[in-house]
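Here the structure comes first, spelled out in structure tokens, and everything after it is commentary.
The values are calculated or read from the model by the stated rules, or taken from the named source; none is laboratory data. Note that the structure is predicted; figures quoted are calculated from it, not measured. Virtual Cβ from ideal backbone geometry, glycine too; neighbours counted across all protein chains shown.
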Amino acid sequence: METRPEESKATVDKGHYFQEMKETWKHTFEYMQQKLSQIETKDREAILALRENYVVKKRISDKNPKVRPFLMRLSFEVCGGGNWKRIIPACAAVEFLNISTYVTNAVFDEKGESKTKKDVNQYIIDAMFLRDLAAECLLEVKVSLSPEETRAVVGKLAEINKLVYLGQYVDLYQLKKKNLKRFNSFEEMKQLYEKRTEYFCGHFMSNIAYIGAILANATGEQIKVLKNFGLNYGTGIQIANDLGDFVFGKAKDYEKSYKDQYSDIKQGKLTYPIILGLETEEKNNFKKLLGKKNASKRELVALTKYLIKSGIVDKTKGLSKTRYYKSKKELKKLPKSDTRIMLSLMASMLRSNKYFVFLRNFAK
């Protein structure tokens, strides 16, 4: 999809958006499978073990198109990069890297799921393999880059990995119930929380947009705009996902297992809605349930009701939507085009987030 002149009439809607997202994932998925098959000829047993990893099987599927490869494509196209299929390896690179972080996160999470030492070792091997495979894919794009540009894109991919694990450190060791007395104020807690969300997803999306722009030989202004767009869009997604911890129902409806539901409160994590609950002066069950792994379903559902009634849901949605508005503002700095509309639709998904929809319907 080429960038069109500013005076052209846009004909893009959500139907086109999802159609092109599916197309992007179809080609990215096929390339990823080819890469794994190539390596399978060298060590069949290791790759078969990787393919059997629950997280990998769930993520490398021809169903449920993934947003990161699509963001790579749109960032490339909006800067006039031309035929996006030249950068399919870059689309695959960011998804391979994303899966590697999901695999390690499955080891870090404490959700009552026991793993033997062999299981943990296998997960670590799979994560490291996927991380390195991502770097390999990035070098297979069919775009001519200067040595400086090559170093820049490889460096940004590595930076994603580094910042994700800084986010993991904050999540696992700093924003926890046991550290409540270390904070001087709730405001300090909230600032660290926003840094965590930027580490986890904001900088990931920002660097994807940066790489796509560099591959398209973008201008300095285009690169700046797309980096800022990605940062705010990704951060908004993470905030919305943290609110999703208080959503319950059929696991398949939310792409999360039953053990994932209410996992943050059970593990004593300090996400934004939890911080707001602790900050609220009126009597509630946040302190009682924070870190309580055997909390009953009745107690947890009552907590969701309180989140809605007290306005905590609206405040958390407001924080996410602030990032949405910032991302949309950045896009207006780019010339009008169908691709810019696609990016705007991508950001708009924050407003119709599935967790927001559940909580809105539950309130009724």
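Restricting region 213-265 to residues that are polar (S, T, N, Q) and at pLDDT below 95, the residue that is nearest to L319 (Cα to Cα) is N241. Pairing residues of region 44-60 that are closer than 15 Å to I125 by Cα with residues that are acidic (D, E) and at pLDDT 85 or above, at Cβ distances under 7 Å and at least 6 apart in sequence or on separate chains, gives L50/D126; N53/D126; V56/D126.
Yes or no: E198 under 14 Å from the mean Cα position of the chain (by Cα), closer than 24 Å to S100 by Cβ and of a type in the set (D, E)?
Details: under 14 Å from the mean Cα position of the chain (by Cα): yes; closer than 24 Å to S100 by Cβ: yes; of a type in the set (D, E): yes.
Spelling it out, E198 is indeed under 14 Å from the mean Cα position of the chain (by Cα), closer than 24 Å to S100 by Cβ and of a type in the set (D, E).
For region 304-338, name all the residues that are assigned to a helix (DSSP H, G or I), among the basic types (K, R), more than 14 Å from I239 (Cα to Cα) and touching a residue at least 60 places away in the same chain (Cβ under 8 Å). Before you say what the answer is, go through the steps one by one.
As a first pass, look at region 304-338 and keep what is assigned to a helix (DSSP H, G or I): 304-310, 312-331, 338.
Remaining after also requiring among the basic types (K, R): 305, 309, 315, 317, 321, 323, 326, 328-329.
Subset that is more than 14 Å from I239 (Cα to Cα): 305, 309, 326, 328-329.
Across region 304-338, the qualifying residue is only K326.
Among the residues of region 270-287, those identified as of a type in the set (A, V, I, L, M) and under 13 Å from Y306 (Cβ atoms) are I274, L276, L278.
Could you please find all residues in region 267-296 being without any contact (Cβ under 8 Å) to a residue 40 or more places away in the chain and assigned to a helix (DSSP H, G or I)?
Within region 267-296, the subset without any contact (Cβ under 8 Å) to a residue 40 or more places away in the chain is 274, 277, 280-289, 292, 294-296.
Within region 267-296, I274, G277, F286, K287, K288, L289 meet the criteria.
The residues listed here are R323, R340; of these, the one that is within 17 Å of F70 (Cβ to Cβ), charged (D, E, K, R) and under 25 Å from the mean Cα position of the chain (by Cα) is R340.
Answer yes or no: is there a residue in region 301-315 that is under 13 Å from V225 (Cβ atoms), out of contact with any Phe, Trp or Tyr (no Cβ under 6 Å at 6 or more places or on another chain) and at pLDDT 95 or above. First the steps, then the outcome.
So the first thing to find is which residues in region 301-315 are under 13 Å from V225 (Cβ atoms), and the list is none.
No, region 301-315 contains no residue that is under 13 Å from V225 (Cβ atoms), out of contact with any Phe, Trp or Tyr (no Cβ under 6 Å at 6 or more places or on another chain) and at pLDDT 95 or above.
Selection of region 137-169 for residues being out of contact with any His (no Cβ under 8 Å at 6 or more places or on another chain), among the charged types (D, E, K, R) and free of Cβ contacts under 8 Å to residues at least 60 places away in the same chain yields E140, K142, E148, R151, K156, K162. Yes or no: region 143-151 includes at least one residue that is in a loop (DSSP other than H, G, I, E, B), of a type in the set (K, R) and over 15 Å from the mean Cα position of the chain (by Cα). No, because not a single residue in region 143-151 is in a loop (DSSP other than H, G, I, E, B), of a type in the set (K, R) and over 15 Å from the mean Cα position of the chain (by Cα). Can you confirm whether A127 is among the hydrophobic types (A, V, I, L, M, F, W, C), modelled with pLDDT of 90 or more, more than 19 Å from Y199 (Cβ to Cβ) and within 24 Å of the chain's Cα centre (by Cα)? Spelling it out, it is not the case that A127 is among the hydrophobic types (A, V, I, L, M, F, W, C), modelled with pLDDT of 90 or more, more than 19 Å from Y199 (Cβ to Cβ) and within 24 Å of the chain's Cα centre (by Cα).
Residue by residue, here is whether (1) within 21 Å of G230 (Cβ to Cβ); (2) modelled with pLDDT under 95 holds:
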residue	(1), (2)
T11	no, yes
S37	no, yes
N53	no, yes
M72	yes, no
K85	no, no
C91	yes, no
T101	yes, no
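In the condition set (1) crowded, with 21+ Cβ neighbours inside 10 Å; (2) under 30 Å from Q34 (Cα atoms), L145 is compliant with all but (1). For region 319-359, a residue qualifies if it is among the charged types (D, E, K, R), buried (at least 21 other Cβ atoms within 10 Å of the Cβ) and at pLDDT below 90, but none of them does.
Among what's in region 152-191 and is among the hydrophobic types (A, V, I, L, M, F, W, C) and farther than 30 Å from F96 by Cβ, pick the residue that is nearest to the chain's Cα centre (by Cα). Give the steps one after another, and end with the answer.
Here is the first cut: in region 152-191, the residues among the hydrophobic types (A, V, I, L, M, F, W, C) are 152-154, 157-158, 160, 163-164, 166, 170, 172, 175, 180, 183, 186, 189.
With farther than 30 Å from F96 by Cβ added as a condition, the list becomes 180, 183, 186, 189.
Working: L180: 27, F183: 27, F186: 26, M189: 22 Å.
Looking at the filtered set, the residue picked out is M189.
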